[in-house]
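The values are calculated or read from the model by the stated rules, or taken from the named source; none is laboratory data. On a predicted model such as this, the values are computed, not experimentally measured, just so you know. Methodologically, a virtual Cβ is constructed for each residue, glycine included, from the backbone with ideal geometry; neighbour enumeration extends over all protein chains shown. The accessibility values were calculated without ligands, DNA or RNA, using every heavy atom of the protein model including side chains. Shrake-Rupley method; radii C 1.70, N 1.55, O 1.52, S 1.80 Å.
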Amino acid sequence: MRKTVYLLLIFQLITIPILYAQGVDAAAEETSDLWLFIGRFHPLIVHLPIGFIMLAFLMEVMARWPKFKHLEQSVSFVLTLGILSSVGAAVFGYLLSLSGEYQGSTLDWHLWLGLSTLGFAIIALVLKVKQANTAYFTFLSASVICLTLTGHLGGNLTHGSDYLVRYMPNTLRAMTGMPPKPESKHKPITNLEEAIVFDDLIKPITDNSCESCHNAEKTKGNLRLDTKEGFLKGGENGPSLVPGQAAHSELIKRVKLPKDHEDVMPPEGKKPLSKEEIALLEWWINNDASFDKKVAEVEVPDDIKEILDALVNPQQSSLSPLYAMEVKPASQDEVETLKEMGFSVSPISAESPFIQVSYLISGQPLNDESIKAIKKVAKQTTWLNLGKAALADGQKFTFLKDFNHLTQLHLEKTAITDEEVKDLAQMEFLEYLNLYNTAITDKSVEPLTALKRLRKIYLWETQVSEDGKSSLQKAIPELAIIADGLPQNFDVPLDSLNDSTVIATK
């Protein structure tokens, strides 16, 4: 048995370096899809030796206490599993490297440290069998150290060289002798006309979304997007862009593919580009993909100007144009009348003519008199809460068509119908709509698609089908649909969905 183990270990020590050496020459040749397919399992299998070797080390340490002495008997078995799985990880990793997607010194160090992990583990096992305990533990410790460094470099290859320390606080950086956290490569734009289109507008997009997979160390598709030369050279599928022709550029084709398409970029699992970012990329390419021109030197369509203005002043861009309108404040008599009828009325800020109105009396339907009263302040009302409100006989929610300045509307647990939802389509500033626990159906979807500023809607416990929700999502991609208690569009950060009422009050 012992001879068999020795033969197996010696075979591994000999074959792995030979395999790598042969691979260096073979890498220049075209690699079969089968080998590349097998290589893709490296990230999966690589966690096995990490677990086994670390477990063997911990068991060995724990066994030094009498209470855990029994663990010592299993260390050899666990370490053997670590060695065998290390061989698999090394072979799979080698096959993965043949894709050419990983290059540079980081890959070399990752490979040799991985082989060192395996080598030290084998020597440690042999020494343990020979009961040379001091030397055995030294080599086992060396294997763990190499394993840690190998894992760190593997993370760097996958996520970028600064992955581990990118967000390290300056206090920890000082304690470890590292320089302070570097300032962002991209400074805020203060003078839009003087901004360089590529450096100031395009590069930040590709740095955030493309560079981690298309850099000097990790070059997926043989494409680099961390340098200007890389953009022009392209990758294995040809040029990444065609100056002046965004529609024919591979870069644009890839980022506009459906989310579930296997060729979409960034790949599944990573944050997709926003429609504004895609629009900027198309605008840059259609303007000859210049690396030197300033914004003032290229044509800026209205839709692009709106995006650029948002980059320069994001807070102002989040503010609905509603709040730039001049509206006569509601009179004191109108406000007092509403309060006497059970409404809560308050301004959204001390200096604003816009108000928030909520109906507070449950069990008392809104009648003709109360509806006429709130209609008198329709132009001043930007947030209307009629949740759980009932209507008196003969009344309909059609009176809402006069409230075309609303940004928030609560109609949850009301009797609103599909026919009455059609009147909401006129609310061009509406950003939040709660229709939870109403009887609306897919017939309401079409009028709702007209609400282009809508960013959050509650459709929980309605009759709107999954197809209806999908149609609404397709019409308004930025919309967070709250259904079944959870947002259907998980790509939309809910904490960024504060409506303009919140922003305007700041």
Within segment 436-445, of all residues that are over 15 Å from Glu412 (Cβ atoms) and either touching a Leu at 6+ places or on another chain (Cβ under 9 Å) or of a type in the set (S, T, N, Q) (or both), the one least open to solvent (accessible area, probe 1.4 Å) is Val445
In this structure, is Ser76 among the polar types (S, T, N, Q) and closer than 30 Å to Lys130 by Cα?
-> yes
Count, please, the residues in segment 314-337 that happen to be hydrophobic (A, V, I, L, M, F, W, C), surrounded by 13 or more Cβ atoms within 10 Å (Cβ to Cβ) and modelled with pLDDT under 90.
-> 3
Within segment 45-56, residues being touching a residue at least 40 places away in the same chain (Cβ under 8 Å) and either more than 27 Å from the chain's Cα centre (by Cα) or open to solvent by 80 Å² or more (accessible area, probe 1.4 Å) (or both) number 6
Can you give me the number of residues within segment 277-293 that are open to solvent by 70 Å² or more (accessible area, probe 1.4 Å) and part of a helix (DSSP H, G or I)?
-> 1
Collect the residues in segment 340-367 that are of a type in the set (Ser, Thr, Tyr) and touching a strand residue (DSSP E or B) at 6+ places or on another chain (Cβ under 9 Å), keeping them in residue-number order.
-> Ser344, Ser346, Ser352, Ser358, Tyr359
May I ask you to say which residue of Lys218, Lys203, Lys233 is basic (Lys, Arg) and open to solvent by 80 Å² or more (accessible area, probe 1.4 Å)?
-> Lys233
State yes or no: is Ile189 surrounded by 11 or more Cβ atoms within 10 Å (Cβ to Cβ), under 30 Å from Arg224 (Cβ atoms) and touching a strand residue (DSSP E or B) at 6+ places or on another chain (Cβ under 8 Å)?
-> no
Residues (among the hydrophobic types (A, V, I, L, M, F, W, C), under 25 Å from Lys218 (Cβ atoms) and free of Cβ contacts under 8 Å to residues at least 12 places away in the same chain) located in segment 144-202 | Ile145
Restricting segment 114-129 to residues that are open to solvent by 20 Å² or more (accessible area, probe 1.4 Å) and farther than 15 Å from Glu72 by Cβ, the one nearest to the chain's Cα centre (by Cα) turns out to be Gly114
If you scan segment 349-385, which residues turn out to be of a type in the set (A, V, I, L, M, F, W, C) and either surrounded by fewer than 17 Cβ atoms within 10 Å (Cβ to Cβ) or not in a loop (DSSP other than H, G, I, E, B) (or both)?
-> Ala350, Ile355, Val357, Leu360, Ile361, Leu366, Ile371, Ala373, Ile374, Trp383, Leu384
Mind checking whether some residue in segment 95-113 is in contact with a Cys (Cβ under 9 Å, 6 or more places away or on another chain), buried (at least 19 other Cβ atoms within 10 Å of the Cβ) and in a helix (DSSP H, G or I)?
-> yes
Quick one: in segment 157-206, of everything that is under 20 Å from the mean Cα position of the chain (by Cα) and hydroxyl-bearing (Ser, Thr, Tyr), which residue is nearest to Val295 (Cα to Cα)?
-> Thr206
What single numbered condition from (1) without any contact (Cβ under 8 Å) to a residue 24 or more places away in the chain; (2) open to solvent by 80 Å² or more (accessible area, probe 1.4 Å) fails to hold for Leu223?
-> (2)
Every residue from segment 168-196 that is of a type in the set (Ser, Thr, Tyr) and farther than 30 Å from Asp309 by Cβ | Thr171, Thr176
Would you please name the residue that is surrounded by the most Cβ atoms within 10 Å (Cβ to Cβ), looking only at residues in segment 386-425 that are among the small types (Gly, Ala, Ser) and touching a Pro at 6+ places or on another chain (Cβ under 8 Å)?
-> Ala389
